[in-house]
Amino acid sequence: MPRDSMKFYATGRRKRAIARVWMFPGEGKITINRRDAEGYLTRSTNLKYIEQPLNATGTREEYDVWCTARGGGLSGQAGAIRLGIARALMRIDADYRDKLKSAGYLTRDSRKVERKKYGRKGARARFQFSKR
């Protein structure tokens, strides 16, 4: 990660995943946990998912993305990275807000796994009932 003053930082969260995202002028390289994005995210849909805010603002080839993702699975981390990228783009230029907001990239997805309750098989599922 370069040490110049043109870095923009933002945080994104999804389920149990937390992503810290730094963006700076470059040629469009995305690095996740010191690995290339294609090598880290095994599904191509996750890669397309994190590129959505960059494509919506037309800045895919203008900025490099350097991020760390912890917790959760790869899909949750991809969602956290996408939110972090969208928030960092807003710090770069406030005019991007309308495009990002209308596309839904600035909304934090607050859904989490519901806890298992006692006396039940899962969060909502019950054990099988039999009269006899």
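Read the figures in this text as sums done on the coordinates, not as results from a lab. Remember, predicted model here, so these are calculated numbers, not experimental data. Note that each Cβ is placed from the backbone with ideal geometry, even for glycine, and that neighbours are counted across all protein chains shown.
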Under 8 Å by Cβ, and 6 or more places apart or on different chains, what pairs join a residue from the range 35-57 that is in contact (Cβ under 8 Å) with a residue 40 or more places away in the chain and more than 17 Å from residue 23 (Cβ to Cβ) with one that is of a type outside the set (A, V, I, L, M, F, W, C) and in a helix (DSSP H, G or I)? none
Inside the range 82-111, the number of residues satisfying the requirement of being of a type outside the set (Val, Ile, Thr), out of contact with any helix residue (DSSP H, G or I) (no Cβ under 6 Å at 6 or more places or on another chain) and surrounded by 17 or more Cβ atoms within 10 Å (Cβ to Cβ) is 4
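Restricting attention to the range 37-45, does a residue exist that is loosely packed, with under 15 Cβ neighbours inside 10 Å, under 10 Å from the mean Cα position of the chain (by Cα) and of a type in the set (S, T, N, Q)? Can you show your working first?
Looking only at the range 37-45, we keep the residues that are loosely packed, with under 15 Cβ neighbours inside 10 Å, and these are 38-39, 42-45.
Add one more test, that the residue is under 10 Å from the mean Cα position of the chain (by Cα), and what stays is none.
Within the range 37-45, not a single residue is loosely packed, with under 15 Cβ neighbours inside 10 Å, under 10 Å from the mean Cα position of the chain (by Cα) and of a type in the set (S, T, N, Q).
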Can you tell me which condition residue 69 does not meet? The list is (1) surrounded by fewer than 17 Cβ atoms within 10 Å (Cβ to Cβ); (2) within 24 Å of residue 110 (Cβ to Cβ), and all the others hold. (1)
Against the condition over 30 Å from residue 123 (Cα atoms) and surrounded by fewer than 20 Cβ atoms within 10 Å (Cβ to Cβ), how does residue 26 come out, does it pass? yes
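Is it true that some residue in the range 88-101 is under 22 Å from residue 35 (Cα atoms) and either touching a residue at least 24 places away in the same chain (Cβ under 8 Å) or touching an Asp or Glu at 6+ places or on another chain (Cβ under 8 Å) (or both)? Quick ask: steps written out before the conclusion?
Of the range 88-101, the ones under 22 Å from residue 35 (Cα atoms) are 88-89.
With the extra rule that they be either touching a residue at least 24 places away in the same chain (Cβ under 8 Å) or touching an Asp or Glu at 6+ places or on another chain (Cβ under 8 Å) (or both), the set shrinks to 88-89.
Yes: the range 88-101 contains one or more residues that are under 22 Å from residue 35 (Cα atoms) and either touching a residue at least 24 places away in the same chain (Cβ under 8 Å) or touching an Asp or Glu at 6+ places or on another chain (Cβ under 8 Å) (or both).
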Check on residue 59, β-branched (Val, Ile, Thr), over 19 Å from residue 100 (Cβ atoms) and not in a strand (DSSP E or B): no
